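Chemist: Encoded as structure tokens, here's the structure I'll be asking about.
No lab work stands behind these numbers, since they all come straight from the coordinates. Everything numeric in this text was worked out from a predicted model, so none of it was measured. Because the Cβ atoms are built from the backbone with ideal geometry, glycine has one as well, and the counts that use them run over all protein chains shown.
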Amino acid sequence: MEYNNSINKAMEQIKTEHVVPKPKWEFALENVFKWILFVVSGIIGALFLLFLYNSLADADWDIRPRAGLGILKLIFLILPPIWVILLTISVALAYLLFRSTRYGYRYSGQSAFFIVLGTVVVVGIISFFAKADKFVGNRMPGMIPGYGQAMLMREEMWLHPESGLLGGVVTSLDKNARTLTVRDFQGGEWVVVPGKDFKAPRLILETIVGKQVKIIGEKTGEFQFQANEIRPWNERFERPMGPGGPMPMRPMMRGRGLPIGK
């Protein structure tokens, strides 16, 4: 009896309020729109996840004592809070959109969350190998909140030559003198010579000039620096392309000056 009364009340409400059912095409269009927003939210979340990962991976944790930074202070310097906030918002929005689709409501809240989180992580991994973060960062840095701040903070870490940390762009390389000229992030021109135990990644002459580098060593005079180690600014240098593909890299050089072909 109670069930019948509920049905009757519902029917009466439909008649009174002139409720008209939505056409199928409207439901389909709404569902497609939700999936599009879900994909966009997932991609944005994946990019910010990738930005956070790269910032942590390229943080040069071993130079922290030289820079006089604690672990927490270093993390706060290299990770803009806005990235964490936007990642959280993107994942939350993707979760709500997924749950509102015709398939998402079938899953429990916990299962739906892990599906969304897993999707964001997978897209982030794909974006990592596709170098999507570098593509976006190089072409649209002004459109990424906190990107400029993160770059400035990272550069600031390598503006301490008195503590043995020098960063900048290699402007020239002298084969005969085996020296580099490096312009730091404040415009200063440094002459860099290799130290006794000098080491560097697999660099060749064609790749090091014009590249940003991180140098660990010792300041020996006014704009004079002795390098014990040179690191690429990013995770790795790009291999220059020759007629037959990537040009070969020279092996790591130790104690023999800069990697210059003889």
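Chemist: Within the set of pairs 6 or more residues apart or between chains, which connect a residue that is more than 20 Å from residue 96 (Cβ to Cβ) and touching a residue at least 24 places away in the same chain (Cβ under 8 Å) inside the stretch 116-128 to a residue that is of a type in the set (Asp, Glu) and surrounded by 13 or more Cβ atoms within 10 Å (Cβ to Cβ) with Cβ atoms less than 8 Å apart?
Modeler: These pairs meet every condition: 127/133.
Chemist: Just the residues that are surrounded by 13 or more Cβ atoms within 10 Å (Cβ to Cβ), among the aromatic types (Phe, Trp, Tyr) and either without any contact (Cβ under 8 Å) to a residue 24 or more places away in the chain or within 24 Å of residue 152 (Cα to Cα) (or both), please, taken from the stretch 77-113.
Modeler: 83, 95, 107, 113
Chemist: Any residue in the stretch 151-163 that's surrounded by 19 or more Cβ atoms within 10 Å (Cβ to Cβ): show its pairings with residues that are assigned to a helix (DSSP H, G or I) at Cβ separation under 6 Å, as long as the two are six or more apart or on different chains.
Modeler: From residues that are surrounded by 19 or more Cβ atoms within 10 Å (Cβ to Cβ), the pairs are 157/67.
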